[in-house]
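Peer 1: The structure's right below; bear with me while I get my questions together.
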Amino acid sequence: MILDQFKLDGKVAIVTGAGRGIGQAYAVGMAEAGADIVCVDVIDQAETVGKIKALGRKALALNADLSKGDVEAPRIVAETVKEFGHIDILVNNAGIIKRQPFTEHSAENWNLVLAINLSAPFFLSQAVAKQMIKQGKGGKIINIASMLSFQGGILVPGYAASKGGIKSLTMLMANELAKHNICVNAIAPGYIATENTRPIREDAARNKAILDRIPAGRWGTPEDLAAICVFLASPASDYLNGYTYACDGGWLAR
Ligand code: NAD
């Protein structure tokens, strides 16, 4: 039956940035679909772990600073395999944004955003893909892009470059990993109400300009994104590979 293809029973998923916001919604959504979840973040993840366990699923919280993705990736894979024996799904969700005009944008801001938003998904995907190939049962890797994978934005050069890069990396990974039955896709969230977007929601003029341009007429919620994550993590999307899917209330169509 078609709905059975969306089930994640017996799957193990790693979600980075699972402590709050959209990452928490991805983690809880996949747990609702049947997966056990490894939550990776620098902040406390007790709330996310509590929600997963309340669903009867298992959760492992790992504290890792993904600005050092090359160091942390092998440890995250090793600890996941030690606890659960296998990895089926990776969601590269952790991300930051630094707002500073292009001409003043500091090397520190540029390097940190690129390290967390682009380099960490590269290192973690590489380590996870090696494990998936060893397991021989395929897998799903989901990167998190942005409207700024398609547009330039203002004041956020590192963020725009990292999210443009993640869209390209998603295609490259899909091309190389498809023969191992590993599907790689990305989700491009529109304007979602989280901590990440609090400063622009609190700016009345920016908030109005954004709302006026969203055909749906509202900010998205983390829960709006959970369903597409479950879909891309599940067998229902087995023939989808290398694409970046916008979930944006119609923003890009405008
Ligand atoms: P958020 O700030 O609420 O959550 C990001 C999470 O990543 C946090 O839990 C944070 O602790 C974690 N994180 C940050 N730095 C880390 C590090 N060095 N190591 C490990 N974890 C770290 O943001 P969000 O809005 O939930 O964003 C999640 C993802 O969605 C990001 O990749 C973001 O770029 C993307 N996104 C968000 C929006 C939006 O409108 N909110 C739009 C497009 C894309």
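Peer 1: Give, in nm to one decimal, the length gained when the segment between F150 and L3 is fully stretched (0.36 nm per residue of separation minus the Cα-Cα distance). List each step's numbers first, then the result.
Peer 2: Details: separation 147, 0.36 × 147 = 52.92 nm, distance 3.17 nm.
In short, 49.7 nm is gained.
Peer 1: Checking the table K51/K130; K167/K208; K7/K134; K11/K51; K53/K134; K11/K130 against a 25 Å threshold on Cα-Cα, which pairs fail? Walk me through the numbers on the way to the answer.
Peer 2: Working: K51/K130 30 Å; K167/K208 28 Å; K7/K134 23 Å; K11/K51 18 Å; K53/K134 29 Å; K11/K130 17 Å.
Long pairs (Cα-Cα over 25 Å): K51/K130; K167/K208; K53/K134.
Peer 1: Leaving out ligands, DNA and RNA, and with a 1.4 Å probe, what % of the accessible surface on the chain is carbon or sulfur?
Peer 2: Working: 6510 of 11810 Å².
Of the solvent-accessible surface of the chain, carbon and sulfur hold 55 percent.
Peer 1: Between G34, A54, T103, whose Cα lies farthest towards the positive end of the dipole of the range 1-103 when Lys and Arg beta carbons carry +1 and Asp and Glu beta carbons carry -1, centred on the Cα centre?
Peer 2: Value computed over the given set: T103.
Peer 1: Now, a different point. Work through the residues other than I187 whose Cβ is under 13 Å from its Cβ and net out their charges, Lys, Arg +1 and Asp, Glu -1. Before the final figure, lay out each step's value.
Peer 2: Values: positive: K140, K163, K167; negative: D224, D248.
Charge balance near I187 sits at +1.
Peer 1: If Rh is defined by the Kirkwood formula over all Cα pairs and Rg also comes from Cα, what ratio Rg/Rh do you get for the range 41-136? Intermediate results must be reported in sequence, preceding the final value.
Peer 2: On the way: Rg = 15.7 Å, Rh = 15.0 Å.
A ratio of 1.05.
Peer 1: Moving on. As a test of reading the structure, rank L118, L90 by solvent-accessible area (1.4 Å probe, protein chains only), most first.
Peer 2: Details: L118 40, L90 0 Å².
My answer, sorted largest first, is L118, L90.
Peer 1: Against the 2.2 N^0.38 Å scaling, with N counting residues, where does the chain land? I'd like the Cα-based Rg ratio to two decimal places.
Peer 2: Details: Rg = 17.3 Å, N = 254, 2.2 N^0.38 = 18.0 Å.
With N residues counted in the chain, Rg over 2.2 N^0.38 Å equals 0.96.
Peer 1: I'd like to know how the range 107-254 sits against the 2.2 N^0.38 Å rule of thumb: what's its Cα Rg over that expected value? Can you show the working numbers first?
Peer 2: Values: Rg = 16.3 Å, N = 148, 2.2 N^0.38 = 14.7 Å.
This ratio for the range 107-254 stands at 1.11.
Peer 1: Please compute the length gained on full extension between D238 and E32, using 0.36 nm multiplied by the number of residues separating them and subtracting their Cα-Cα distance.
Peer 2: Values: separation 206, 0.36 × 206 = 74.16 nm, distance 1.99 nm.
Roughly 72.2 nm would be gained on extension.
Peer 1: While we're here: Can you give the Kirkwood hydrodynamic radius of the range 3-82 from its Cα pairs, in Å with one decimal? It would help to have the intermediate numbers written out before the result.
Peer 2: Working: mean 1/r = 0.0795 Å⁻¹.
Result for the range 3-82 stands at 12.6 Å.
Peer 1: Using only DSSP helix segments of four residues or longer, with each worth -39500 (n - 2.57), what per-residue ellipticity at 222 nm results for the chain after dividing by its residue count and rounding to 500? Kindly include the intermediate steps, with their values, before the conclusion.
Peer 2: On the way: 9 runs with 109 residues, N = 254.
After summing the helix terms and dividing by the residues of the chain, the value is -13500 deg cm²/dmol.
Peer 1: Which shape class applies to the range 37-83: rounded if a/c is under 1.5, otherwise prolate when a/b exceeds b/c and oblate if not, where a ≥ b ≥ c are the square roots of the Cα gyration tensor eigenvalues?
Peer 2: Numbers: a/c = 4.09, a/b = 1.62, b/c = 2.53.
Cα axes put the range 37-83 in the oblate bin.
Peer 1: Less than 15 Å Cβ to Cβ from R198, Lys/Arg counted +1 and Asp/Glu -1: what total charge do the surrounding residues give?
Peer 2: Values: positive: R20, K98, R99, R201, R206; negative: E195, E202, D203.
Cβ neighbours under 15 Å give a net charge of +2.
Peer 1: Continuing with this model, one more query. So what does K208 come to for accessible area, using a 1.4 Å probe and Å² rounded to 10?
Peer 2: Its heavy atoms expose roughly 120 Å² to the probe.
Peer 1: So what is the accessible area of the chain per residue, in Å², with the probe set to 1.4 Å?
Peer 2: Working: 11810 Å² over 254 residues.
Computed with neighbouring chains in place, this is 46 Å² per residue.
Peer 1: Using just the alpha carbons, could you tell me how many Å³ per residue the convex hull of the range 161-247 encloses? Before the final figure, lay out the partial values.
Peer 2: Details: hull volume 9.4 nm³, N = 87.
That works out to 108 Å³ per residue.
Peer 1: Can you give the charge dipole size of the chain about its Cα centre, rounded to the nearest 20 debye, using +1 on the beta carbon of Lys and Arg and -1 on the beta carbon of Asp and Glu? Show your work: numbers first, answer last.
Peer 2: Details: 26 positive and 24 negative charges, 56 e Å.
In total the dipole reaches around 260 debye.
Peer 1: Could you compute the FRET efficiency for R99 and K68, with r as their C-beta to C-beta distance and R0 at 22 Å, rounded to 0.05? Write out the running numbers ahead of the final one.
Peer 2: Values: r = 24 Å, r/R0 = 1.07.
The calculated FRET efficiency here is 0.40.
The values are calculated or read from the model by the stated rules, or taken from the named source; none is laboratory data. Every value quoted in this text rests on a predicted model; they were computed, and no experiment measured them. Ideal geometry is used to build each Cβ from the backbone, glycine not excepted, and the neighbour counts take in all protein chains shown. These area figures cover heavy atoms from the full protein model, side chains too; ligands, DNA and RNA do not enter into them. Shrake-Rupley method; radii C 1.70, N 1.55, O 1.52, S 1.80 Å.
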